[in-house]
Structure formats: C-alpha cells, structure tokens
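Asks: Please find one structure pasted underneath; my questions will follow.
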Amino acid sequence: MDKKIEVFMEEVKLRNAHEPEFLQAVQEVAETVLPYIAQHEIYNGKNILLRMVEPERAIMFRVPWVDDEGEIHVNRGYRIQMNSAIGPYKGGLRFHPTVNMSILKFLAFEQVFKNSLTTLPMGGGKGGSDFDPKGKSDDEIMRFCHSFMAELARHIGPNTDVPAGDIGVGSREIGFLFGMYRKIRNEFTGVLTGKGLSWGGSLIRPEATGYGTVYFAENMLETKGEKIEGKTVVISGSGNVAQYAAEKVLQLGGKVVTLSDSSGYIYDKDGIDEDKLKFVMELKNEKRGRISEYVKEYPNAEFTEGGTPWGVACDVALPCATQNELNGEDAKKLLDNGCICVSEGANMPCTPDAVNTFLDHKILFAPGKASNAGGVATSGLEMSQNSLRVSWTREEVDERLKGIMKNIHASCIEYGKEGDFVNYVKGANIAGFVKVADAMLAQGVV
C-alpha cells in the first residue's frame, strides 16, 4: 500500500510541482483514503481520488484598482471550483499577500471534504486575492472589492458557486462584494454568505467556526468522560475564529490563557475573562490593533514577541491562526505540558510531524476539515434561509450547528475507530470521501 500511495503522489507532484501546501493536503488524505479504496471494490479502478485532486475549474484574473492618491494598482484574483458533485461550489474568499494557487487549491481540496462532512448539499471551492486590506481606507477596499467582483460575478451564482468570507474578508468586504454583484446581475440572491443581518445574513454566522471548533472538542472529551469545564485552554490567533472559540470556552466553564497574532502571543495566567475578551474584540475588530496592546491594559499578563503559545501548559489546544503554525516540536511541548485534546480551528494549522506526534501518542486530535466545519455549515444554513426567504432565531441556528458538529463527530468515529482509539484524521477523510465519491460514480465520467 505504501508503494501505491507513493506512485499516486508522484503523479500528483508532476502536475503540481510548485504547490507545497496543496501537496501536503493531498498526501494526508491519500494516506488514509487509498487503503480504504483498495478494500472496497466499488472504487477500485475508477481513479476517484485522482479525479478529486484535479479542480473542475481554476480561474485567475487581473484586479486593477485605484488608491486614494489616484495611483493604479494591480492584484491577482482567483477562484478554484474544485468539486460540485454534491452541490454548488462553496468556500471562502481570502484577501492576503500570501494568497497563491497552491494555498487556494489546498483550501479548496479541504473544503470538498469539510462540506461533505456537514451532510449539507455543498461542493467545494475557494478563492481570493493577494490584495492586503491592512492599512487601506474603506474607500480603497470598496474600489478593490468592486473591481474583484466585476470579474468574479460571471463565474458565481446561488446555484453555481456561493463564496463566503475568510482571512481578510469580513462583513465590510462581503457588503462591498455583494453590492457590486447585485448591480451587475440586477438580482438579489443568496450568492454570498456572511452577509449583514439586515440583508440576508444569518445569526451565529460570525461565531460559527469558533463555536463549532469548541463543540467538536467537547464531543471528543465526552468520549473520555471529560468536559471543557475546568480545563485550561491555549488558543492561537485573535481574529474571528479565535475570538469566538474563546467565547464558547468561557461559556462552557473553561479557562482561556493565550491569544496571538503575527507579532507574538499574550499569556494571562489569571485567564482571559469576558471583559478581557471584549477588549480584544474591540482592539482587533474596530481599532485594527496588535495583541501586544493587551498587556498595557492588563499588566499582569505577559507578551512574547514573535513566539507561539504552544509552550504554555494546558489541557486543550485550539490552533486558530493559519496553516502550518504548529510543528512537531510544538506538539512535543504540548504533550510534555499535559495537553490531552487538540481541535483545529484554522485550516491545516498542524504540520504532518505535529499530526503524527499527536496520533502516535493517541491523544484526542481533530483535523480542521472536521472541527472547523461549523463556519461553512452555518453558511449552508444561511443559504437555506435565503432560499426560503426566512430568518431563524439565534437559538435555532445554534442548535442546528451543535447538531451538525455532533453528527460530524459521529461520522469520524464510524470510519476512524481503531480499537479503543479514534483516529479522527482517518475518520474525517474517509467519511468526507465516501459521500463525494459515491456521487461522482453515480454521475459517470464528467
């Protein structure tokens, strides 16, 4: 089987030689899915996984825009429409200088499995631009978003491709993008999710990824007779996902001691309570400040410049910042300090070495395609509300989100149980694969 995986990856590498993030995501899936395919005659000889790693469509376009000084800039825009076998393409838009084809293909590939796990009828896609919103005025961001959507509009639609937000794309950007789409197409449809509540958005959507990550961790802990309550939790990041993961941990009785950004991390041994979290939310969302400013407001806390929080003692770790932020050495530090549960809030935040370390020590470890699926699940619920022209209450959406995360957890156990141990990586990959693969087989070679 190792030879089959090696041959498969060699073929994928030939076509995607300069895309390390994408190859990393494919390797992780291949190691668990190819053995499953070999054991099930229905998939043998169909090259299902090889077809799944090839995007149905990869779009790249020029995005010219004018800054406040009248100077013209040019960025690249992308949309990867990965797989639509079970529904319209669904996945976020990321505006960040690091955006390139490799990162977006990895995110789109992960999205296929993540969306499948939700059981909602959504295919997988991802998009964005190397545009950096930081330091730009609202007018500059509006002009960029309008230019970006002027091209993207011809490739998306409520029954074709429904983008959402991601890093660098919040409610402000979604508003500008939707405004241009509505103008170009002369229609008001649920073509984007993450919209404002007054124009088709869903309650709980901003909170959903962070909440879902914690719900999944709680489900894992329950298999060991444990709860979040009373646990010390280390969180990386300080953006949307990290903020609401922290909020849910507090609601469930846990103690959050760290948050971070690209400048470093803060450690508050007294715990980041609701008032402190409110300060962080205002700092990051309204003032666009750095996490280091936390220690000026709360001097008992410590700030470590340029570091990551994985050396801090904890029971539960929630990596919620970005891909490959937690490596093998970090994983060993967490284990040495007593960590028993890791739930990924970001997309692929743990390197392969880190993942293998967690699996070798048989702690509770949830890959992002399972544990952070709450965001896209609630986007799917927003799509349903838009189609029905209804609006569900906060309690209704939260209850549906909780149910979806519980079902994803159950699917991971079904396909990932190895004796007394649950390999959630294997379970998530196979559970996500089966639904998409069955749909692809049913639809023929298309």
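Asks: How many residues, within the stretch 201-226, are assigned to a helix (DSSP H, G or I), more than 18 Å from the chain's Cα centre (by Cα) and touching a residue at least 24 places away in the same chain (Cβ under 8 Å)?
Replies: 4
Asks: When residues of the stretch 89-108 are filtered for being in contact with a strand residue (DSSP E or B) (Cβ under 6 Å, 6 or more places away or on another chain), in contact (Cβ under 8 Å) with a residue 40 or more places away in the chain and not small (G, A, S), how many remain?
Replies: Residues meeting the conditions: 7.
Asks: In the stretch 91-114, which residue that is touching a helix residue (DSSP H, G or I) at 6+ places or on another chain (Cβ under 6 Å) and of a type outside the set (A, V, I, L, M) is surrounded by the most Cβ atoms within 10 Å (Cβ to Cβ)?
Replies: Here the answer is G91.
Asks: Of the conditions (1) surrounded by fewer than 22 Cβ atoms within 10 Å (Cβ to Cβ); (2) outside the structural domain of P319 (by TED's automatic domain parsing), K269 satisfies every one except a single condition; which number is it?
Replies: Result: K269 passes all but (2).
Asks: When the stretch 47-65 is examined, which residues are found to be in contact (Cβ under 8 Å) with a residue 24 or more places away in the chain, over 24 Å from I156 (Cβ atoms) and surrounded by fewer than 17 Cβ atoms within 10 Å (Cβ to Cβ)?
Replies: Scanning the stretch 47-65 gives a single hit, L50.
Asks: Could you say which residue among F279, F303 is farther than 18 Å from T232 by Cβ and assigned to a strand (DSSP E or B)?
Replies: Working: F279 fails: assigned to a strand (DSSP E or B).
Result: F303 is the single residue among F279, F303 that is farther than 18 Å from T232 by Cβ and assigned to a strand (DSSP E or B).
Asks: Would you check which residues across the stretch 364-408 are without any contact (Cβ under 8 Å) to a residue 60 or more places away in the chain and acidic (D, E) and list them?
Replies: E395, E396, E399 - these are the residues of the stretch 364-408 that are without any contact (Cβ under 8 Å) to a residue 60 or more places away in the chain and acidic (D, E).
Asks: Now, a different point. Report yes if some residue within the stretch 288-295 is within 24 Å of H361 (Cα to Cα) and either not β-branched (V, I, T) or not in a loop (DSSP other than H, G, I, E, B) (or both); otherwise report no.
Replies: No, the stretch 288-295 contains no residue that is within 24 Å of H361 (Cα to Cα) and either not β-branched (V, I, T) or not in a loop (DSSP other than H, G, I, E, B) (or both).
Asks: Here's something else I'd like to know. I'm trying to understand the selection: among the residues of the stretch 11-25, which are touching a residue at least 12 places away in the same chain (Cβ under 8 Å) and either in the same structural domain as F109 (by TED's automatic domain parsing) or outside any loop (DSSP other than H, G, I, E, B) (or both)?
Replies: Listed by number, the residues that qualify are E11, V12, R15, P20, E21, F22, L23, Q24, A25.
Asks: Taking K126, is it crowded, with 20+ Cβ neighbours inside 10 Å and either in a helix (DSSP H, G or I) or acidic (D, E) (or both)?
Replies: It is false that K126 is crowded, with 20+ Cβ neighbours inside 10 Å and either in a helix (DSSP H, G or I) or acidic (D, E) (or both).
Asks: While we're here: Could we say that A428 is surrounded by 15 or more Cβ atoms within 10 Å (Cβ to Cβ), part of a helix (DSSP H, G or I) and touching a Pro at 6+ places or on another chain (Cβ under 9 Å) here?
Replies: yes
Asks: Also, quick follow-up: Can you pull out every residue in the stretch 336-349 that is surrounded by 16 or more Cβ atoms within 10 Å (Cβ to Cβ) and more than 13 Å from the chain's Cα centre (by Cα)?
Replies: From the stretch 336-349, those surrounded by 16 or more Cβ atoms within 10 Å (Cβ to Cβ) are 337, 339-349; that's our starting set.
Result: N337, C339, I340, C341, V342.
Asks: Any residue in the stretch 245-254 that is modelled with pLDDT of 95 or more, part of a strand (DSSP E or B) and closer than 17 Å to A317 by Cβ?
Replies: No, because not a single residue in the stretch 245-254 is modelled with pLDDT of 95 or more, part of a strand (DSSP E or B) and closer than 17 Å to A317 by Cβ.
Asks: Filter the stretch 354-406 for residues that are surrounded by fewer than 24 Cβ atoms within 10 Å (Cβ to Cβ), of a type in the set (K, R) and not in a loop (DSSP other than H, G, I, E, B) and give the result.
Replies: Selection gives R394, R400, K402, K406.
Asks: Answer yes or no as to whether N300 is polar (S, T, N, Q), surrounded by fewer than 18 Cβ atoms within 10 Å (Cβ to Cβ) and modelled with pLDDT under 95.
Replies: no
Asks: Filter the stretch 170-199 for residues that are in a helix (DSSP H, G or I) and charged (D, E, K, R) and give the result. Talk me through it step by step, then tell me what you get.
Replies: Within the stretch 170-199, the subset in a helix (DSSP H, G or I) is 171-185, 197-199.
Those that are in a helix (DSSP H, G or I) and charged (D, E, K, R): R172, E173, R182, K183, R185.
The values are calculated or read from the model by the stated rules, or taken from the named source; none is laboratory data. Computed from a prediction, not measured in an experiment: that's the story for all the values here. Positions of Cβ are backbone-derived with ideal geometry, glycine not excepted, and every protein chain shown enters the neighbour counts.
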